[in-house]
1. What size of dipole, in debye to the nearest 20, comes out for region 10-75 about its Cα centre when the only charges are +1 on Lys and Arg C-beta atoms and -1 on Asp and Glu C-beta atoms?
2. Label-point separation (nm) for Glu30 and Lys240, each offset 7 Å from Cα along Cα-to-Cβ?
3. Which one of Ala135, Ala253, Ala117 has the biggest mean-square fluctuation once the chain is modelled by GNM with Cα springs under 10 Å?
4. Over 29 Å between C-alpha atoms is what I'm after, so list which of Lys29/Lys170; Lys179/Lys271; Lys104/Lys161; Lys206/Lys271 land there.
5. Suppose each label sits 7 Å from its Cα in the direction of the beta carbon; what would the Asn22-Arg57 distance come out to in nanometres?
6. For the chain, what does the helix formula give at 222 nm: sum of -39500 (n - 2.57) over DSSP H segments with n ≥ 4, over the residue count, nearest 500 deg cm²/dmol?
7. If you take every DSSP beta bridge whose two residues both sit in the chain, what share of them, in percent to the nearest 5, is antiparallel?
8. Using a simple spin-label model with points 7 Å from Cα along the Cα→Cβ vector, what separation in nm is obtained for Asn279 and Ile228?
Amino acid sequence: MGYVSDVMTPDEFKLFRDLIHNECGIFLKEEKRDFLKMRVEKRLKTLSIGSYFNYYRYVKDERNRRELSSLLDSITINETYFFRNTPQFEILRERVIPELIERKRKAGDYNLMAWSAGCATGEEPYSIAIEILEAIPDISRWNVQIIASDISWRCIETGQKGVYSGEKLKDVPPEYLAKYFIYSDESYQVSDNVKRLVIFDFHNLKHENGLTEVDVVFCRNVMIYFDIEEQKRIVARFQKVLNTDGYLFLGHAESLQGIANGDFRFLYLNKGTAYQKVNPA
Ligand SMILES: C[S@@+](CC[C@H](N)C(=O)[O-])C[C@H]1O[C@@H](n2cnc3c(N)ncnc32)[C@H](O)[C@@H]1O
């Protein structure tokens, strides 16, 4: 491989920043230049390409879509753990699921769908699955689907395996640990009845995925990396796929303020927050 410059020029940074933004909505601010440089450099080394610009041309080539996937994967932040932001899971267990299943039972509808959009390595959708198992006594009557989607193949693969180190389970209540995890070889395997409810899907939030009639969307700590226009587009999509009175959970540093006025009602319960889609007028 030839010499790779120590410096990513402002123009090179802009090329990659705009490419990434166009492809997946993540907007890297100027202060992320070193971060981007390090990630791109790794890709250059893997492919033995000698300059940022040559790599840019390579990754832009339609024939190299796989490499584009790898680049996008490499710049994602995948931090997550089970029951992250526990008050939101309390809302899910104590308010959202009971309300949804009561309404659906009355209508003779035994389908329940949740979407963990930007699920990273799967801890979030599995936490949702556990709360659903806890909250629905006659679970065998129900068709429950939790769609777990992410733009990172690495994450999807980890999620599908469902094996985690102890640090990812620090917020799991002891009774859940005993009930829904199998400890072996110093790690924890999610039990089959939980796994069965979760369907992993490689999906870029920039594009449609055909989901409809979703009851609950979790999209936490994902939109924080997007610019406001992209956030608006994504929330509009959630609004479209959610059933009326369905719920949307965002991360603790995210909100719908200035993004979706009037489409959702804000809920604050025991320090947890969520949004409920309101009836069309
Ligand atoms: C910080 S993690 C959040 C994980 C989990 N939702 C949580 O709150 O613990 C953000 C995830 O969003 C994913 N992501 C970023 N941009 C995306 C996009 N355009 N489409 C789908 N997933 C995306 C990343 O790959 C990453 O796994």
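1. Values: 15 positive and 12 negative charges, 34 e Å.
My answer is approximately 160 debye.
2. About 3.5 nm separates the two model spin labels.
3. The residue with the greatest mean-square fluctuation here is Ala253.
4. Numbers: Lys29/Lys170 32 Å; Lys179/Lys271 26 Å; Lys104/Lys161 32 Å; Lys206/Lys271 31 Å.
The pairs that break the limit, which is 29 Å between Cα atoms, are Lys29/Lys170; Lys104/Lys161; Lys206/Lys271.
5. If labels sit at Asn22 and Arg57, their model points lie 1.7 nm apart.
6. Values: 11 runs with 114 residues, N = 281.
Value at 222 nm, helices only, nearest 500: -12000 deg cm²/dmol.
7. Values: 15 of 35 bridges.
In the chain, approximately 45 percent of DSSP beta bridges are antiparallel ones.
8. Those two pseudo-labels are separated by 3.3 nm.
The values are calculated or read from the model by the stated rules, or taken from the named source; none is laboratory data. Nothing here was measured: the structure is a model prediction, and the numbers come from that model. Methodologically, a virtual Cβ is constructed for each residue, glycine included, from the backbone with ideal geometry; neighbour enumeration extends over all protein chains shown. For accessibility, only protein heavy atoms count, side chains too; no ligands or nucleic acids. Shrake-Rupley method; radii C 1.70, N 1.55, O 1.52, S 1.80 Å.
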